[in-house]
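The structure appears below as structure tokens.
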């Protein structure tokens, strides 16, 4: 009975705070246990520089396999217990695997710099041992002591993500550590060309065939993999391989131009299809980004960032003469607060810039650039209240509070609109305000989803809203 109940809870809440907490606890426990073992071995002088120089294969294999596997199994089991879902250990195993491979680069560098006689294959095997142990520990044991799979880990799905990472990181490690050890120039150029093909062609191809086609992800997701591979080529290849980097650049730049042109034409076509609707630029941008990317979270982030820039520099909103618009910010005092904030931010940015420039000019300009972006962000946030007001049509209430919240609400589901002065705290009620307290309550027949900045979404059947002209707004709703 308890097993079925647990299954039900897992299906109802596949992701949430428990999974995040389980990943944090499981990962922290694994790191702490490994650090404790390392400290004990160093304290007992089992691990010394002489041991590393001479290298005892049997001892190291016992230490790595036994302790690594044991602690990873314990961490996976703890993560599974806390998260109460198979995805907790799966995500933890993927994180440990990727970060383990990244850390492997530093260990290899340390090994080579100190001329330690430790085989590279043994160092590289650590992430595989740790991730496998976490997956084993994440299995759920039933009451009759038989291992059953409550949505067993899909190892094929795991390796779809792991193989591209292995290909990329392996090529990068060879570029950084092994390429310079080849003495013959011709052989070095051949190996460098092969590595460039791996990072520019093979890695994106693995992403496409293992993830894009299988998971039905839009092909545009391959672009970041090409950018990552191209960046690694530019960083890792030395001056002796400059002709290869020039060739890669010669191939990548036309591809970028073609891609940007395609995206521009596709975006313009999608925008034109939605031009006759009541949706504004930001709403159309969100829909277009989702159709292009196929991922709602990425589309929401892009919409928020571009929307902020758009609203910051947009001159004026063209209002329809036959429509009443309602604002939410004019009586809030947000503009005055923002003006004071800008003065403080400007003075502080100038002072910190000159102070930081004495240490690093680059860091000073980076911080100044972030301060300028923060000012632009606040300007866009403030102007969005004027550029995206609330309005009512014959069928819908277009509730838009700048870029912070928006929803398209059918009028026939609104069962109540009243002015309020007494605010009661409730977790079931969404409060939308600029500064101060809400002055209007709206009730709906069934829950309505509100979309916020950066993909935040909340569903509620009761809304508390701050409106500048409450009486006029309520009258408009009643007339419709």
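A compact table of results
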{"item": "Options 251, 195, 247; residue that is part of a helix (DSSP H, G or I) and at pLDDT 70 or above", "result": "195"}
{"item": "Condition check for residue 441: under 21 Å from residue 283 (Cα atoms) and surrounded by 13 or more Cβ atoms within 10 Å (Cβ to Cβ)", "result": "no"}
{"item": "Close pairs (7 angstrom Cβ cut-off, 6 or more residues apart or separate chains): in contact (Cβ under 8 Å) with a residue 60 or more places away in the chain in segment 363-380, buried (at least 16 other Cβ atoms within 10 Å of the Cβ) anywhere", "result": "376/312; 377/308; 379/312; 380/308; 380/311; 380/312"}
{"item": "In segment 280-296, the residues that are in contact with a helix residue (DSSP H, G or I) (Cβ under 7 Å, 6 or more places away or on another chain) and under 12 Å from residue 451 (Cβ atoms)", "result": "282, 286, 290, 296"}
{"item": "Of all residues in segment 448-458 being within 16 Å of residue 398 (Cα to Cα) and free of Cβ contacts under 8 Å to residues at least 60 places away in the same chain, the one that is surrounded by the most Cβ atoms within 10 Å (Cβ to Cβ)", "result": "448"}
{"item": "Any hit, segment 37-50, residues being closer than 21 Å to residue 131 by Cβ, assigned to a helix (DSSP H, G or I) and at pLDDT 70 or above", "result": "no"}
{"item": "Pairs where the first residue, in segment 307-319, is farther than 16 Å from residue 283 by Cα and the second is surrounded by 19 or more Cβ atoms within 10 Å (Cβ to Cβ), C-beta under 7 Å, 6+ apart", "result": "312/380; 312/383"}
{"item": "Residues being crowded, with 16+ Cβ neighbours inside 10 Å and in contact with a strand residue (DSSP E or B) (Cβ under 7 Å, 6 or more places away or on another chain) - total across segment 393-412", "result": "12"}
{"item": "Candidate set from segment 445-468 (those that are touching a helix residue (DSSP H, G or I) at 6+ places or on another chain (Cβ under 9 Å) and closer than 26 Å to residue 289 by Cα); member that is modelled with the lowest pLDDT", "result": "455"}
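The values are calculated or read from the model by the stated rules, or taken from the named source; none is laboratory data. A quick note: this is a predicted structure, and the numbers were derived from the prediction, not measured. Cβ: placed from backbone, ideal geometry, glycine included. Neighbour counts: every protein chain shown.
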